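Undergrad: After the structure tokens below, expect a handful of questions from me.
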Amino acid sequence: MVRFIVIAVWSLSLGLSLYPYMASAQLKQNYYANICPNVENIVKNVVQKKFQQTFVTVPATLRLFFHDCFVQGCDASVIIQSTGSNKAEKDHPDNLSLAGDGFDTVIKAKAAVDAVPSCKNKVSCADILAMATRDVVALAGGPSYAVELGRLDGLVSKATDVEGKLPQPTFNLNQLNSMFAAHGLSQTDMIALSGAHTLGFSHCNRFANRIYNFSPQNTVDPTLNKDYASQLQAMCPKNVNPLIAINMDPTTPRTFDNVYYKNLQQGKGLFTSDQILFSDTRSRPTVNTWASNSASFQNAFITAMTKLGRAGVKTGKNGNIRSDCAAFN
């Protein structure tokens, strides 16, 4: 999953930092118990089938959730297709690398849910994405957890809203902390969510500066493991096909585990924004803890995912339940 989130620093205000919590009042576990009681199993079965077809389902869905929640909150606005009169979020340059399998997973799960008469048009696309994200993490060997549900789908999706809202691969710790804090997420939450880079892939252009023209003094980023840098140069030669992608985690790329943090200890973070978590002494202790304690990382990841899932939740007149996840009603 190319970088899952990113972008320019947000100016923080009290209102911004409180917003995720104010909006999440309606969320609860088992929200659909009396509406569509089997919804979680329906979604899980679709996700499992999709996973059996292609592993890309895992990082694609996980990254889709991040990119959705970081722009206008967790409201499935990233799934909306552009029209002649509206360029939607998914067509912003920062979202063009989102793999189609993530969108396909949500759309197929929505179809399966709506095929049950009592569930038709009762479950939001935003909630289906949240459930599917939990399911792909578990399928890749990560923790399963109870998902808070009750989101409505957003009524707006504009490419211009994406600008400056997603974490960039060049970010330093202050930039990362500022962007995550805008969604009510702490530094610990940010480091835990960065652990999602234990899965997925990145295109070479996202980190080429680290292996070819880092600075006037250093062609290669000195925080990068020398052997790893050589491997990256071999996989991503200059003028490489821009469609070429490589694994974010060079060690266990198909397993949701804590190896991401072990890689950082060895200088094998792919992005500047990955390696900075170990290079910066403020975040290094957390990296070291999770590199040696998988259970601690998984618990922190569940906490952070739950908090992220509360970001900008739509309620009342601010949302609805789409009949087609890719189009407004």
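Undergrad: Give, as ranges by residue number, the residues of segment 197-219 whose backbone N falls under 14 Å from the point 7 Å along Cα→Cβ of T251.
TA: Of the residues in segment 197-219, 197-199 have backbone N under 14 Å from the label point off T251.
Undergrad: Hey, another quick one. Between S85 and N213, what FRET efficiency comes out of the Förster formula 1/(1 + (r/R0)^6) with R0 = 51 Å and r the beta carbon distance, rounded to 0.05?
TA: That gives a FRET efficiency of 0.80.
Undergrad: Okay, next question. Applying 1/(1 + (r/R0)^6) with R0 = 45 Å to the Cβ-Cβ distance of S294 and A111, what FRET efficiency is obtained, to the nearest 0.05?
TA: 0.80
Undergrad: Now, a different point. Taking all protein chains as present, what is the carbon and sulfur share of the accessible area of segment 52-110, in % to the nearest whole number, probe 1.4 Å?
TA: 50
Undergrad: Taking the Cα centre as origin and putting +1 on Lys and Arg beta-carbons and -1 on Asp and Glu beta-carbons, what dipole magnitude results for the chain, to the nearest 20 debye?
TA: 160
Undergrad: Where in segment 55-74 does the amide nitrogen come within less than 16 Å of the point 7 Å from the Cα of N318, taken along Cα to Cβ?
TA: So the set is 69-74.
Undergrad: Quote the relative contact order of segment 181-329 in percent (integer), defining contacts as alpha-carbon pairs under 8 Å separated by 6+ residues.
TA: 30
Undergrad: What does the highest-first list of 161-170, 111-120 look like by mean Cβ count within 10 Å?
TA: The most tightly packed comes first, giving 161-170, 111-120.
Undergrad: Shifting gears a bit: Would you please give the FRET efficiency between R282 and N121, computed as 1/(1 + (r/R0)^6) with r the Cβ-Cβ distance and R0 = 45 Å, to the nearest 0.05?
TA: E between R282 and N121, to the nearest 0.05, is 0.45.
Undergrad: For the chain, what is the accessible area per residue in Å², given a 1.4 Å probe and the full set of protein chains?
TA: The answer is 40 Å² per residue.
Undergrad: In whole angstrom, how far apart do the alpha carbon centroids of segment 46-61 and segment 135-178 sit?
TA: 18
Undergrad: For the chain, what relative contact order do you get, as a whole percent, if you take Cα pairs closer than 8 Å and at least 6 residues apart?
TA: 29
Undergrad: Towards the positive end of the charge dipole of the chain, with charges on Cβ (+1 Lys, Arg; -1 Asp, Glu), say which of A159, L232, F103 has the farthest Cα.
TA: Among A159, L232, F103, the one farthest towards the positive end of the dipole of the chain is F103.
Undergrad: Something else about it: Report the charge-dipole magnitude of segment 28-183 in Debye, nearest 20, computed about the Cα centre from +1 at each Lys and Arg Cβ and -1 at each Asp and Glu Cβ.
TA: My answer is approximately 320 debye.
Undergrad: I've got another one for you. Mind checking which of I80, F171, V43 is farthest towards the positive end of the chain's charge dipole, using Cβ charges of +1 (Lys, Arg) and -1 (Asp, Glu) about the Cα centre?
TA: Positive-end residue among those listed: V43.
Undergrad: Using alpha carbons only, how many degrees (0 to 90, rounded to 10) separate the axis of helix 14-23 from the longest principal axis of the chain?
TA: For 14-23 against the chain, the angle is about 50 degrees.
The values are calculated or read from the model by the stated rules, or taken from the named source; none is laboratory data. Computed from a predicted model, the values in this text were never measured in an experiment. All Cβ positions, glycine included, derive from the backbone under ideal geometry; neighbour counts span all protein chains shown. Keep in mind that these areas ignore ligands, DNA and RNA; they rest on the heavy atoms of the full protein, side chains included. Shrake-Rupley method; radii C 1.70, N 1.55, O 1.52, S 1.80 Å.
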